[in-house]
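**Q** Sharing a structure with you now.
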Amino acid sequence: MPKKKTGARKKADKMKLRQKDIQAGGLEGRSLVDFPCNTLMTCDKCQRLQKNRAFCYFCDSVQKLPMCGQCGKTKCQQRSGDCIIKHVGTFTTGMAMVGAICDHCEAWICHGKKCLEAHGCACPCIDSMCIECKRTVWEHGGRIFMCSFCRYSICEDDQMEHQASCQVLESEDYKCGSCNRLGQFSCLRCKLCYCDNHVARKGVKVEKGVALKCPKCMFELRETKDLCMSARKYGVRAGRVIQLRTKMMMAITSIRTMTLGVREASRLGAVERWSVLRLVAKVSTRARKRRSLGREKS
């Protein structure tokens, strides 16, 4: 059996993880899902899964144990801490622990002075409007995600659809927009490619060891060979196939109405449709043969 970790050991492990996050880039190096204001919550009344928020998105009910959007605690145990409302000798839970509601993430903030001062300016949900549906946190009940390619905010409904189509160029090929050479660098926000000559703007000094910036939006460029980029397709062939399918369906409906009637045609399945088409094709070929034979005899 492994030894049980003491309180000091757990505290030291948490401090190590926190130091790694700070060295990785602070809030930027931390994933958006790891923040307490963007965690999952189950409503006590309607039992629906949603983002951590002050009031339920579906039934507007207040939770019994609200979670702080900054530190993630549901119970304040600080007897002599930075609490604005002093509670010496008692632990507070529920509405006694609450101090404010964040305007950006719609989550409760505890009555700790540090959380109230820091969360308003450092909330990760500031300007978190979905790039696909243009909805904010107050207009949908799901969590907020960030696209790993273009670094735009996405709602939970459009997450999979956006990331599947994010690596598609606006042009028909991989050539540079300013010349006819093959683009070696790609911007995942503008969806454009740049060659070695046009990747740097005039008058801008390129530093060694620093990623190149897009000349149009100043977003970090990445090499095209490291990505799974695909060119835009207009789907002319797909449109022709759709037209053929619609014509076929119209023919099937006309044949059904002519042979079996409207009521009986609505009950047919896919196998019966093709059987009817085969019968009509056989009848039409026999009729053509009879006409040809009659013309030859005459």
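Bear in mind that the values in this text are calculations on the coordinates, not laboratory data. Predicted model only: the values in this text are computed from it and were never measured. Cβ coordinates were reconstructed from backbone atoms using ideal geometry, including for glycine residues, and neighbour counts include every protein chain displayed.
**Q** Please work out the FRET efficiency for the pair E207 and R151, using the Cβ-Cβ distance as r and a Förster radius of 25 Å; give the result to the nearest 0.05.
**A** The pair E207/R151 has a calculated efficiency of 0.75.
**Q** Within the range 9-141, count lysine pairs with alpha carbon atoms under 20 angstrom apart where the residues are 8 or more positions apart or belong to different chains.
**A** 26
**Q** Another question, if that's okay. Rounded, prolate or oblate, given the Cα gyration tensor of the range 52-125, with a/c below 1.5 counting as rounded?
**A** oblate
**Q** Calculate the length of the line joining the C-alpha centroid of the range 122-186 to that of the range 41-81, in whole Å.
**A** Going from one Cα centre to the other spans 30 Å.
**Q** What ranking, highest mean first, results for peptides 12-20, 149-157, 38-46, 183-191 when packing means the other Cβ atoms within 10 Å averaged over each residue?
**A** Listed from highest to lowest mean packing, they are 183-191, 149-157, 38-46, 12-20.
**Q** Convert each backbone phi in the range 51-68 into a coupling constant with the Karplus relation 6.51 cos²θ - 1.76 cosθ + 1.60 (shift: θ = phi - 60°), then list the ³J(HN,Hα) values in order as whole Hz, x for Gly and Pro.
**A** After applying 6.51 cos²θ - 1.76 cosθ + 1.60, I find 6, 4, 8, 5, 10, 4, 5, 9, 10, 6, 9, 8, 7, 6, 10, x, 9, 6 Hz.
**Q** Okay, next question. Amide H to amide H, which residues 5 or more places from F185 or on other chains are under 5 Å from it, using H placed in the peptide plane?
**A** Y194, T224
**Q** Using r as the Cβ-Cβ distance of R181 and L49, and R0 as 45 Å, what FRET efficiency do you calculate, to the nearest 0.05?
**A** That gives a FRET efficiency of 0.35.
**Q** A follow-up question, please. Could you run the Karplus curve 6.51 cos²θ - 1.76 cosθ + 1.60 with θ = phi - 60° over the range 112-117 and give me ³J(HN,Hα) per residue in whole Hz, x for Gly and Pro?
**A** x, 5, 5, 5, 5, 7
**Q** Given H placed on each backbone N at 1.01 Å, which residues far from C83 in sequence or on other chains put an amide H within less than 5 Å of it?
**A** Hits under the 5 Å cutoff: K113.
**Q** Short version: ³J(HN,Hα) in whole Hz for each residue of the range 8-14, in order, from phi by Karplus 6.51 cos²θ - 1.76 cosθ + 1.60 (θ = phi - 60°), x for Gly and Pro, what are they?
**A** My calculation for the range 8-14 gives 5, 5, 4, 5, 5, 5, 5 Hz in order.
**Q** Search the structure for amide H atoms under 5 Å from the amide H of S171, placed 1.01 Å from N in the peptide plane, and list their residues when 5 or more places away or on another chain.
**A** Residues meeting the criterion, in which the H sits 1.01 Å from N, are R232.
**Q** Separate question: Considering the range 1-160, what Rg and Dmax in Å follow from its alpha-carbon atoms?
**A** Rg, Dmax (Cα atoms, Å): 17.1, 53.
**Q** Round to the nearest 0.05 the FRET efficiency obtained for A231 and T39 when R0 = 41 Å and r is the Cβ-Cβ distance.
**A** Step by step, r from the Cβ atoms, then E = 0.60.
**Q** Further question on the same structure: Considering only the other residues whose Cβ falls under 13 Å of the Cβ of K114, what net charge follows from Lys and Arg at +1 and Asp and Glu at -1?
**A** Value of the local net charge: 0.
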